[in-house]
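Q: Sharing a structure here in structure tokens format.
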């Protein structure tokens, strides 16, 4: 009989380990890199898929006092998890009808338009658009605001922010263009703490740090310096459980569409992880795992609930029902490597991680809880 302590792990098709000690260590790395600027944390999209209610308190215990989310609903949930001390900003701003919720939960909107500025009388950040053309006041809006400073008198402005478009490309000319424009625009407004750098922006140097940096994906282990060694610790590890092993030979095929055909005797392991779990379909014939230290390729298409791997080269006694294949992290591909094979970025891999995994949160000493 399976004990209750292990039942959920055995019942799940895969185990997702989230290393909270590594998360806290990553915050410390970024905090030291940005000093003397304050280091905030971006925990939108449920902490990039890892669980904001678990991640937020760990970051707060590591010294983080300022958090950013995308939606009001995320902010309300985070406030419940963090208690009263943290400052929580909502990047998507405030719309009519939201005022009472912001006040009741002590939340701060990031004001993206002049209309939002007129709507909110409390603590807030002001977003200046320096080239992304998504959210924020345009240079023309800033000029209009500078000409009518009375529009700011009712707002408790705590921070002026912008967002870098190309920070992950350290030599991209737009980085310096945005930094200079940001400095020119905020010079027209009351002197307030400034924030420009995201994860990769922190590594562009002190000129980009200003008073507050806002790392996101680097906290969760993705490489903020593409093309160079990853300075962050691994936070996520995904292991899928083998549920069937079979022998095939020429000319048998594997999976939907018969896209993979055997050219000789092969051994195929089936693992219950698929695109419904965030293991993207674009990894069909591209993804790899690791079993007993041996790289094992995905063969055939990724389906909704299953992937198939060629485990022919793995020693026989290591291939059995119940064995765990490293799919992300550990001995398998890193988060960034699996993203590259999928033709995407680590952000999408993280935020797509499914809810069918057995999630294990590891604290100091690598003990799950």
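Laboratory data are not the source of any read-out in this text; all were calculated from the coordinates shown. This one's a predicted model, so the numbers in the text were calculated from it and none came from an experiment. Because the Cβ atoms are built from the backbone with ideal geometry, glycine has one as well, and the counts that use them run over all protein chains shown.
Q: Please compute the alpha carbon radius of gyration of region 36-219, then divide it by the globular-protein estimate 2.2 N^0.38 Å. Two decimals is fine.
A: Here the answer is 0.99, to two decimals.
Q: Oh, and also: If I stretch the segment between residue 170 and residue 348 completely, what's the gain in nm (0.36 nm per residue apart, minus their alpha carbon distance), one decimal?
A: Details: separation 178, 0.36 × 178 = 64.08 nm, distance 2.14 nm.
Length difference between fully extended and current span is 61.9 nm.
Q: If a paramagnetic tag sat 7 Å from the Cα of residue 294 along the Cα-Cβ line, which residues of region 318-332 would have the backbone N under 16 Å from that point?
A: Answer for this model: 318-326, 332.
Q: Still on this model: Using a Förster distance of 41 Å, how high is the FRET efficiency between residue 81 and residue 177, based on the Cβ-Cβ distance and rounded to 0.05?
A: Approximately 0.60, to the nearest 0.05.
Q: Follow-up. So what's the convex hull volume per residue for the Cα atoms of the chain, in Å³?
A: Expressed per residue, the convex hull around the Cα atoms of the chain is 158 Å³.
Q: Give me the percent relative contact order of the chain, please, defined on Cα pairs under 8 angstrom at least 6 residues apart.
A: 18
Q: Continuing with this model, one more query. Report the gain in length on full extension from residue 304 to residue 243: 0.36 nm times residue separation, minus Cα-Cα distance, nm rounded to one decimal.
A: Difference between extended and current length: 20.4 nm.
Q: Treating the angle as unsigned and between 0 and 90°, give the value, to the nearest 10°, between the Cα long axis of helix 52-61 and the longest Cα principal axis of the chain.
A: 60
Q: Additional query: Roughly speaking, what is the centre-to-centre gap between region 309-354 and region 197-244 when only Cα atoms are used, to the nearest Å?
A: So the separation of the two Cα centres works out to 19 Å.
Q: Let me ask something else. Mind jotting down the three principal axis lengths of region 168-242 based on Cα atoms? Whole angstrom, largest first.
A: In descending order, the Cα extents are 61, 25, 17 Å.
Q: Going by how many other beta carbons lie within 10 Å of each one, how would you line up 39, 290, 166, fewest first?
A: Going from least to most buried by this count: 166, 290, 39.
Q: If I fit a long axis through the Cα atoms of helix 20-34 and take the longest principal axis of the Cα atoms of the chain, what angle between them do I get, 0 to 90°, rounded to 10?
A: Compared with the principal axis, the helix lies near 40 degrees.
Q: Also: Using only Cα atoms and rounding to the nearest 10 degrees, what angle (0 to 90) does helix 173-186 make with the longest principal axis of the chain?
A: 30
Q: Report the full-extension gain for the segment residue 188 to residue 103: residue separation times 0.36 nm, less the Cα-Cα distance, to one decimal in nm.
A: Taking residue 188 through residue 103 to full extension adds about 27.7 nm, to one decimal.
Q: Next question, about the same structure. Grab the DSSP H runs of the chain that are 4 residues or longer, score each as -39,500 (n - 2.57), total them, divide by all residues and round the 222 nm result to the nearest 500 deg cm²/dmol.
A: The per-residue figure over the chain is -7500 deg cm²/dmol.
Q: Right, next: First check a/c for region 107-208, with a ≥ b ≥ c the square roots of the eigenvalues of its C-alpha gyration tensor; if it is under 1.5, answer rounded, and if not, answer prolate when a/b is larger than b/c or oblate otherwise.
A: Prolate, because a/c is 1.5 or more and a/b exceeds b/c.
Q: Here is a follow-up. Run the numbers on region 236-368 and let me know its relative contact order in percent, using alpha-carbon pairs under 8 Å that are six or more apart.
A: Across region 236-368, relative contact order equals 27 percent.
Q: Now for a separate question. Report the normalised scattering of region 236-368 as log10 I(q)/I(0) at q = 0.21 Å⁻¹, calculated by the Debye formula with identical scatterers on the alpha carbons.
A: The calculated log intensity ratios at q = 0.21 Å⁻¹ are -1.30.
Q: If I model a spin label at residue 95 and residue 150 as a point 7 Å from the Cα along the Cα→Cβ vector, what separation in nanometres do I get?
A: 3.1
Q: Also, quick follow-up: Test of understanding: extend the Cα→C-beta vector of residue 118 to 7 Å, then name every residue of region 81-97 with backbone N under 16 Å from that spot.
A: Hits in region 81-97 for residue 118 at 16 Å: 94-97.
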